[in-house]
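Engineer: Structure incoming, see below.
The values are calculated or read from the model by the stated rules, or taken from the named source; none is laboratory data. Computed from a predicted model, the values in this text were never measured in an experiment. In this analysis, Cβ positions are derived from the backbone assuming ideal geometry, glycine residues included, and neighbour counts consider all displayed protein chains.
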Amino acid sequence: MIVDVNAHWGPYAFRHLPDHDGPGLMRLMDRWGVDHALLCSNPSLLYRDAHQGDVEMSRAITPHPRRFSGVATINPAYPGWNRDLETALDDWNFRAVRLVPQFHGYALTDPCADALAAECARRDVPILFMQQVEDRRQMHPWDRAENLAIEPVLAFARRHERVRICLCNWLGLGGRELTDAGLDGRVLIDLARFDVVLFRSLPQLIDEIGLGAIAFGSQAPFNYIPPALIRLECLDLSEEDQERVAWKNAAEFFSLERTILHYNSQKEKA
Amino acid sequence: MSTNGLLRDWRAVRKVDAHMHVPSPLSPAPGFERTGVIAAADRLGIEVMWISVPITAGRMAPIEEVRRCNDAVLDALRQYPDRFRGYCFLIPGNEDEWRGELARCLDGGMSGIKLYNQYKYSDPVLFPIAETAIEHGIPILGHAGHPMDPGTREAQPYISDASDFCALARKYPEVTLIEGHINGGGEWEWSLKQLRDCPNVVLDTSGSNMDAGTIERCVAELGADRVLFATDMSMEAGVGKVLAADLSDADREKLWHGNMTRIEGLRKV
C-alpha cells in the first residue's frame, strides 16, 4: 500500500504534463503501485480565483474517492476564501489546505495568512507548503514564482503552534530547525527530493525528527514516480516502518484511514 | 513485479553511469567519500561509473590544482579498476599544460576528457582539444545547461548550451561530445531541439530533476543511440528515470550500458 502525498491534477501552463487528468493519474498509479494520492490543483496556482481550479479538480476526482483525496489551494488574500475553504472541506471532503504565497503574491506574515491559519487550527486541517513546482533554472520567462524559503514557513509554524504542516517537494531541510520551530509531532515531510544512498540526507532527517514525520511523495505527474519508490526501498526499513512511510503516516496525518481501509478491502476482494 | 511496481530485478540490470564524480581534494565535502560512492552504486546496481573531478564556477585554476583533481581520479582508478573509468579534467588555453596533463591522464588509464565552464565550447580555444580527442578516439564530456534564471546565468557566464555543443560538433564531425545532465536544471526541451541535427553530440540523462517524459523525449528527438544513462550524483533520480521511461527493452539497454560501451570502444590509441 502506498499513499502519495505530493501529487498534482490538471494542466500546467508552462510545460506539457503527461497523465495530468484523472484517468492518466490512475494509469500512472496502477503502473507503479500507488494506491491513493493527495492531489493539488495545478490550475489553482495561476487562476486569479484559485478556487475555480479546485472546482475543476473536485469534478474530476469526486467519482474516485478511493483513489484520490483533494487538497484545497486557498488564496487568503482573495475575497471569499472562508467560503471556499468551507466548500472544499465540507462539501468535497478535501483533506488539507495548500498555501502558495510564491504564486499568489502575499507574505506568510500578512494578517490574511494568520487568519487562515487560525481557521485551519480550529478545524484541525493540515496546511501544505511546497518549496517549488519547477526548478528555477528551467523556468518559463513568465514564471516568476521564486522558491519558497523555509524561514517564513518556520516563523509561521511558531506563531501557529496548533497548525499541522506538511512540507512537499523540499530540499535541504534540517530536523533541528524543524524541531526548534516546535514542529515535532505536527509535521509531515515527503521524500520526493531527498537523497538516500549517497549523501543520505533522508536517513539523517529521520534520525533527527523521527520516522513518523516522513511520507511517500513523488510529485507526479511532474516527476517520474520510480525515483521515489527507489528512495523508499533503499531506506532499508523493517516492514512495519516501511509501511509507516509508505502510507500509515500519511493516513494518520490526513485522516485517510477510513478511505484507505475501504479501498484496501475492495482491492483484496477483487 | 514487486508490490510497489518496480521490477524485482531492477538492481540486476547492467548499468554504466556516464557522468559521476569522486570527492575533490580541493573542496572535501563531509560524508562524501570514494568508498561511499562505491557503496551507493552497489545499492543501485551500477556496475561502472565514468568519473571526473572538475574545477567548477568557471575558475581559471593553475595547472597544479588541475593535476591534484586528476590525481584523485587516477587514485580511484587504481583502487577500483573494474568500477571506474576516468575523464581527464582540462582547462583549455595553455596548450603545453593541457597536452602534458592529458598525456599523463591517458597514461594513467583514463578514457575521456571532461570540460567545465571556463570557456564556451564554441570558442576556438577548444579546437585543439577536440582535434586531440579525435586523434585518441575518446569522448569529451561537457558541463552544460541552458539556464533561464538570472542567478545561474550570472554565476556561469561561460556555461555551454546545446548551440555551443553543436557549433563544435559541426566543425569536428568525428568528435564524440557528451552534453552533460539534460535534467541538470536548464531548459531541457530547448536543448533537445537544438541537438536534433548534431549527430555526434550524445546526451546524458543525469541531473537532480526528474521531469516526467524527459527520457522518452530524448529518445524520440535524438534516437536511442544518442542517450546515455547517468546520475551526476543524483543517483536514485538517475536510475529511477530510466526505469520509468516508456521505452522498448532494446532501447533501454542502449541507455543503461550499450551506448557508453560503444563509445569506449572507439578508443584508438
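Engineer: Scan region A:145-158 and tell me whether some residue there is more than 14 Å from every other protein chain (Cβ to nearest Cβ), surrounded by 16 or more Cβ atoms within 10 Å (Cβ to Cβ) and touching a Ser or Thr at 6+ places or on another chain (Cβ under 7 Å).
Structural biologist: no
Engineer: Looking at A:A246, A:A181, A:A215, A:A228, which one is within 23 Å of B:D232 (Cα to Cα) and among the small types (G, A, S)?
Structural biologist: Only one candidate passes the filter, namely A:A228.
Engineer: Kindly provide the set of residues from region B:222-241 that are hydrophobic (A, V, I, L, M, F, W, C), touching a residue at least 60 places away in the same chain (Cβ under 8 Å) and more than 7 Å from every other protein chain (Cβ to nearest Cβ), ordered by number.
Structural biologist: B:L228, B:F229, B:A230
Engineer: Further, regarding this structure: When B:D42 is evaluated against the numbered criteria (1) within 11 Å of another protein chain (Cβ to nearest Cβ); (2) in contact (Cβ under 8 Å) with a residue 24 or more places away in the chain; (3) charged (D, E, K, R), which criterion, by number, is the only one it fails?
Structural biologist: So B:D42 meets the others, but not (2).
Engineer: One residue is enough: does region B:71-88 have a residue meeting the conditions without any contact (Cβ under 8 Å) to a residue 40 or more places away in the chain, assigned to a loop (DSSP other than H, G, I, E, B) and buried (at least 21 other Cβ atoms within 10 Å of the Cβ)?
Structural biologist: Within region B:71-88, not a single residue is without any contact (Cβ under 8 Å) to a residue 40 or more places away in the chain, assigned to a loop (DSSP other than H, G, I, E, B) and buried (at least 21 other Cβ atoms within 10 Å of the Cβ).
Engineer: Given the criterion surrounded by 24 or more Cβ atoms within 10 Å (Cβ to Cβ) and among the acidic types (D, E), identify the matching residue among B:D225, B:D164, B:D197, B:D204.
Structural biologist: None of the other options fit; the residue is B:D204.
Engineer: Then there's this: Restricting attention to region B:93-132, and to residues there that are part of a helix (DSSP H, G or I) and touching a residue at least 40 places away in the same chain (Cβ under 8 Å), which single residue is farthest from B:D161 (Cα to Cα)?
Structural biologist: Filtering region B:93-132 for residues that are part of a helix (DSSP H, G or I) and touching a residue at least 40 places away in the same chain (Cβ under 8 Å), the one farthest from B:D161 (Cα to Cα) comes out as B:E131.
Engineer: Answer yes if at least one residue in region B:51-60 is in a loop (DSSP other than H, G, I, E, B), more than 18 Å from B:Y87 (Cα to Cα), without any contact (Cβ under 8 Å) to a residue 24 or more places away in the chain and of a type outside the set (D, E), and no otherwise.
Structural biologist: no
Engineer: Tell me which residues, restricted to region A:132-169, are part of a strand (DSSP E or B) and out of contact with any Gly (no Cβ under 6 Å at 6 or more places or on another chain).
Structural biologist: Correct list: A:I165, A:C166, A:L167.
Engineer: Still on this structure, please answer the following. Inspect all residues belonging to region A:23-43 and state whether any of them is surrounded by fewer than 16 Cβ atoms within 10 Å (Cβ to Cβ), more than 13 Å from chain B (Cβ to nearest Cβ) and within 26 Å of B:T214 (Cβ to Cβ).
Structural biologist: Within region A:23-43, one or more residues are surrounded by fewer than 16 Cβ atoms within 10 Å (Cβ to Cβ), more than 13 Å from chain B (Cβ to nearest Cβ) and within 26 Å of B:T214 (Cβ to Cβ).
Engineer: Ok, one more. Tell me, which residue of region B:10-65 that is among the polar types (S, T, N, Q) and in contact with a helix residue (DSSP H, G or I) (Cβ under 7 Å, 6 or more places away or on another chain) is nearest to B:V227 (Cα to Cα)?
Structural biologist: Selected residue: B:S52.
Engineer: To continue, here is another question. So A:L17 passes all but one of these: (1) of a type in the set (A, V, I, L, M, F, W, C); (2) within 14 Å of chain B (Cβ to nearest Cβ); (3) over 21 Å from A:S218 (Cβ atoms). Which condition number does it fail?
Structural biologist: Every listed condition holds for A:L17 apart from (3).
Engineer: How many residues does region B:176-191 hold that are under 16 Å from B:M233 (Cα atoms) and either among the aromatic types (F, W, Y) or at the interface with chain A (Cβ under 10 Å from one of its Cβ atoms) (or both)?
Structural biologist: Adding up the residues that qualify gives 3.
Engineer: Here's something else I'd like to know. Hey, among the residues in region A:87-130 that are surrounded by 22 or more Cβ atoms within 10 Å (Cβ to Cβ) and of a type in the set (D, E, K, R), which one's farthest from A:R66 (Cα to Cα)?
Structural biologist: A:R98
Engineer: In the set A:P221, A:P226, which member is within 17 Å of the chain's Cα centre (by Cα), modelled with pLDDT of 95 or more and within 14 Å of chain B (Cβ to nearest Cβ)?
Structural biologist: It is A:P221.
Engineer: Could you tell me whether A:S58 is among the small types (G, A, S), away from every other protein chain (no Cβ under 14 Å) and free of Cβ contacts under 8 Å to residues at least 40 places away in the same chain?
Structural biologist: Spelling it out, A:S58 is indeed among the small types (G, A, S), away from every other protein chain (no Cβ under 14 Å) and free of Cβ contacts under 8 Å to residues at least 40 places away in the same chain.
Engineer: Among the listed residues B:A212, B:A244, B:A144, B:A155, identify the single one that is in contact (Cβ under 8 Å) with a residue 40 or more places away in the chain, out of contact with any Ser or Thr (no Cβ under 8 Å at 6 or more places or on another chain) and within 14 Å of another protein chain (Cβ to nearest Cβ).
Structural biologist: Exactly one of B:A212, B:A244, B:A144, B:A155 is in contact (Cβ under 8 Å) with a residue 40 or more places away in the chain, out of contact with any Ser or Thr (no Cβ under 8 Å at 6 or more places or on another chain) and within 14 Å of another protein chain (Cβ to nearest Cβ), namely B:A155.
Engineer: Can you tell me which residue in region B:167-194 is nearest to the chain's Cα centre (by Cα), limited to those that are among the small types (G, A, S) and crowded, with 19+ Cβ neighbours inside 10 Å?
Structural biologist: B:G180
Engineer: Then there's this: When A:V133 is evaluated against the numbered criteria (1) over 24 Å from A:V153 (Cβ atoms); (2) surrounded by 15 or more Cβ atoms within 10 Å (Cβ to Cβ), which criterion, by number, is the only one it fails?
Structural biologist: (1)
Engineer: In addition: For region A:229-256: of the residues being more than 14 Å from chain B (Cβ to nearest Cβ) and closer than 25 Å to B:A40 by Cβ, which is surrounded by the fewest Cβ atoms within 10 Å (Cβ to Cβ)?
Structural biologist: A:S238
Engineer: If you check B:G93 against the conditions, is it exposed (fewer than 15 other Cβ atoms within 10 Å of the Cβ) and either on the phi > 0 side of the Ramachandran plot or touching a His at 6+ places or on another chain (Cβ under 9 Å) (or both)?
Structural biologist: Yes, satisfied.
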